[in-house]
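Undergrad: Handing you this structure, nothing more for now.
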Amino acid sequence: IRDRENTMNKKIEDTNEKIYNAFSEVLLLKDYNDVRIQDVLDKSGVARSTFYAHYKTKEDLLKSVCTTIFSHVFSHVLKEEKSHDFSRSSIFDYKHFITHIFYHIKDESRLIHAILLSQSKAIFLDYMREGVREFATACVVNGFVDLKGLPEKLKVRSVIESFILIIEYWSDAGFSDTPEKLTDYFLKLNV
């Protein structure tokens with residue numbers, strides 16, 4: 001039974017990856033408002049019925065993309081991955097944790113860049129703000145960021161917005177800086 005469940009989960013992951021990759025390709029070619037589900041189907045090779053088994057609309061697809069990215073990016077699970085290994089780090093070492101977040105964003109850079117260039121940018125950034133909120137709150141509550149003299153709520157918003165600013169900068173720069181460099185920028189913005 002487990003083998004069958006693992007096979008099904010792998011098939012779902014593969015299908016979602018095809019759809020996400022196709023979505024990012026289409027977003028680089030068309031404005032978000034002009035993207036049709038058929039465009040994604042044509043690029044992905046996924047059957048219409050399979051697509052609709054996962055998503056009702058392209059908005060559902062965008063929300064799924066954001067949820068997938070942010071749940072993975074801001075996960076507290078530290079394990080060895082293809083592009084990086086923070087498995088021996090502590091989630092309480094915020095500098096390593098921030099760098100780890102930036103590695104995950106770099107792994108998703110193609111899709112994030114396509115979304116940030118599209119008309120769905122504002123929707124994506126709102127999802128990102130929600131995804132960053134818990135992390136930003138932890139940074140403030142645990143004293144990782146200082147921002148002396150500001151109320152706690154303003155500190156949290158400042159951390160969130162500086163994170164967004166860095167991601168937009170990084171995307172505009174073609175994700176050329178290293179995650180370590182982005183961590184330095186983040187720390188400097190949140191002194």
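The values are calculated or read from the model by the stated rules, or taken from the named source; none is laboratory data. In this text the structure is predicted, and so the values were computed from the model without any measurement. Using ideal geometry, Cβ is built from the backbone for each residue, glycine included, and neighbour counts are taken over all protein chains shown. Quick note on the areas: whole protein, heavy atoms, side chains included, nothing else; ligands and nucleic acids left out. Shrake-Rupley method; radii C 1.70, N 1.55, O 1.52, S 1.80 Å.
Undergrad: On a 0 to 90 degree scale, rounded to 10, what angle separates helix 94-107 from the longest Cα axis of the chain?
TA: 30 degrees
Undergrad: Could you give the angle, 0 to 90 degrees to the nearest 10, between helix 121-141's Cα long axis and the longest principal axis of the Cα atoms of the chain?
TA: 40 degrees
Undergrad: Moving on to the next point. Taking R0 as 35 Å, what FRET efficiency do you get between Ser71 and Lys148 from their Cβ-Cβ distance, rounded to the nearest 0.05? Each step should come with its number before you reach the end.
TA: On the way: r = 33 Å, r/R0 = 0.94.
The pair Ser71/Lys148 has a calculated efficiency of 0.60.
Undergrad: Mind putting a number on the dipole of region 133-182 about its Cα centre? Charges go on the C-beta only, +1 for Lys and Arg and -1 for Asp and Glu, and I need it in Debye to the nearest 20.
TA: On the way: 6 positive and 8 negative charges, 56 e Å.
So the magnitude is around 260 debye.
Undergrad: Within the set of other residues whose C-beta is less than 11 Å from the C-beta of Val40, count the net charge using Lys and Arg as +1 and Asp and Glu as -1.
TA: +3
Undergrad: Quick one: if you stick a label point 7 Å off each Cα along the C-beta vector at Lys10 and Thr137, how many nm between them?
TA: About 3.8 nm separates the two model spin labels.
Undergrad: Here's a follow-up. May I ask for the Rg/Rh ratio of region 12-62, computed from Cα atoms with Rh as the Kirkwood radius, given to two decimals? Before the final figure, lay out the partial values.
TA: Numbers: Rg = 9.7 Å, Rh = 10.6 Å.
Reported Rg/Rh (Cα atoms, Kirkwood Rh): 0.91.
Undergrad: On to the next question. With angles folded into 0 to 90 degrees, how steeply does helix 2-29 sit against the dominant principal axis of the chain? Use alpha carbons for both and round to 10.
TA: Roughly 80 degrees between the two axes.
Undergrad: What does the charge dipole of the chain about its Cα centre add up to, to the nearest 20 debye, if the Cβ of each Lys and Arg holds +1 and the Cβ of each Asp and Glu holds -1?
TA: On the way: 27 positive and 29 negative charges, 61 e Å.
Using Cβ point charges on Lys, Arg, Asp and Glu, the chain gives about 300 debye.
Undergrad: Another question, then. Could you work out how far apart the two model spin labels at Ser176 and Asp60 are, taking each label as a point 7 Å from the Cα in the direction of the beta carbon, and quote it in nm?
TA: If labels sit at Ser176 and Asp60, their model points lie 4.1 nm apart.
Undergrad: Moving to a separate point now. For the modelled label position 7 Å from the Cα of Ala122 along Cα-to-Cβ, which residues of region 1-43 have backbone nitrogen atoms closer than 14 Å?
TA: It comes to 32-33, nothing else.
Undergrad: At 1.4 Å probe size, with every protein chain present, just tell me what the per residue accessible area of the chain comes to in Å². Present the calculation step by step, with values, prior to reporting the outcome.
TA: Numbers: 10840 Å² over 191 residues.
Computed with neighbouring chains in place, this is 57 Å² per residue.
Undergrad: Follow-up question, since we're still on this one. In terms of Cα to Cα distance under 18 Å, which lysines are near enough to Lys181, apart from those fewer than 8 places away along the same chain?
TA: Here the lysines satisfying the reach criterion relative to Lys181 are Lys95, Lys106.
Undergrad: Accessible area, 1.4 Å probe, largest first: how do Asp177, Asp34 sort?
TA: Details: Asp177 30, Asp34 90 Å².
Reading off the accessible areas and sorting them downward yields Asp34, Asp177.
Undergrad: Shifting gears a bit: Let me cross-check Tyr20: its accessible surface, 1.4 Å probe, with only protein heavy atoms counted, in Å² to the nearest 10?
TA: The accessible area comes out at roughly 30 Å².
Undergrad: Expressed in whole Å with the largest first, what are the equivalent ellipsoid semi-axes of region 85-191 derived from the C-alpha gyration tensor as the square root of 5 times each eigenvalue? Could the numbers behind the result be given before it?
TA: On the way: eigenvalues 97, 60, 29 Å².
So the equivalent ellipsoid measures 22, 17, 12 Å along its semi-axes.
Undergrad: Measure off, as a whole percent, the carbon and sulfur share of the 1.4 Å-probe accessible area of region 93-191, all protein chains present.
TA: Details: 2570 of 4780 Å².
The computed percentage sits at 54.
Undergrad: For Lys155, Lys148, what's the largest-to-smallest order of accessible area, 1.4 Å probe? Intermediate values should be presented prior to the final figure.
TA: Values: Lys155 40, Lys148 165 Å².
My answer, sorted largest first, is Lys148, Lys155.
Undergrad: Return the calculated 222 nm mean residue ellipticity for the chain, to the nearest 500 deg cm²/dmol, obtained by summing -39500 (n - 2.57) across DSSP H runs with n ≥ 4 and dividing by the residue count.
TA: Working: 9 runs with 134 residues, N = 191.
Result for the chain, helices only: -23000 deg cm²/dmol.
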